[in-house]
1. Using Kirkwood radius over Cα pairs in Å as the read-out, say which of (i) 22.3; (ii) 16.1; (iii) 18.2 was calculated from these coordinates.
2. Could you tell me how many degrees, from 0 to 90 and to the nearest 10, lie between the Cα long axis of helix 135-166 and the main elongation axis, the longest principal axis, of the Cα atoms of the chain?
3. Compute the acute angle (0 to 90°) between the alpha-carbon long axis of helix 86-95 and the principal axis of greatest extent of the alpha-carbon atoms of the chain; round to the nearest 10°.
4. How many nm is it between the label spots at residue 112 and residue 73, if each spot is 7 Å from the Cα in line with the beta carbon?
5. Given an 8 Å cut-off on Cα distances and at least 6 residues of separation, report the relative contact order of the chain as a percent.
6. Given the C-alpha centroids of region 39-57 and region 95-143, what is the distance between them in whole angstrom?
7. Using the number of other C-beta atoms within 10 angstrom as an exposure proxy, rank 30, 158 with the fewest first.
8. Evaluate E = 1/(1 + (r/R0)^6) for residue 136 and residue 105, where r is the Cβ-Cβ distance and R0 equals 35 Å; express this FRET efficiency to the nearest 0.05.
């Protein structure tokens, strides 16, 4: 009796080795796919987070910039007209009402001092109209001049103070 042993030809052996190799590659690939997807997901999450931070800074800039413009217009008006009207004072207050939420104490204090100095200037100008010549009038003129000089210096102060808040890459 003849026992048949199965003999594989070199081609069959090569095909079987290839199948084993493909199975191994398939198993390795599927094992690496989960960590690879996790890494890609983490990268996307990090990018979305940084994009959200930039969007938040831009939104904050869009809210802060009008307060800066309003401040510069207010200072410009006072410097050009050497006076301030109720309409300008109340407009300044109305347009800078969000200062408590958008800025820290330094800007809030600065804006309040601008308003109060404008109010002082308005009161002094009113007193100046009714005050006759004399020592008291000279004192009012001196105070008015000091406040006006203070306002002319506030352009640079405003730019420096708001600059730290309006820089996109800052704060």
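All of the numbers you see were taken from the coordinates with simple rules; none came from a lab. On a predicted model such as this, the values are computed, not experimentally measured, just so you know. Note that each Cβ is placed from the backbone with ideal geometry, even for glycine, and that neighbours are counted across all protein chains shown.
1. Correct label, based on the coordinates given: (i).
2. 10
3. Result, in degrees: 10.
4. That separation, rounded to one decimal, is 2.5 nm.
5. Contact order relative to length: 26 percent.
6. Using only Cα atoms, the two centres lie 47 Å from each other.
7. By the 10 Å Cβ count, ascending: 30, 158.
8. Here the calculated transfer efficiency is 0.45.
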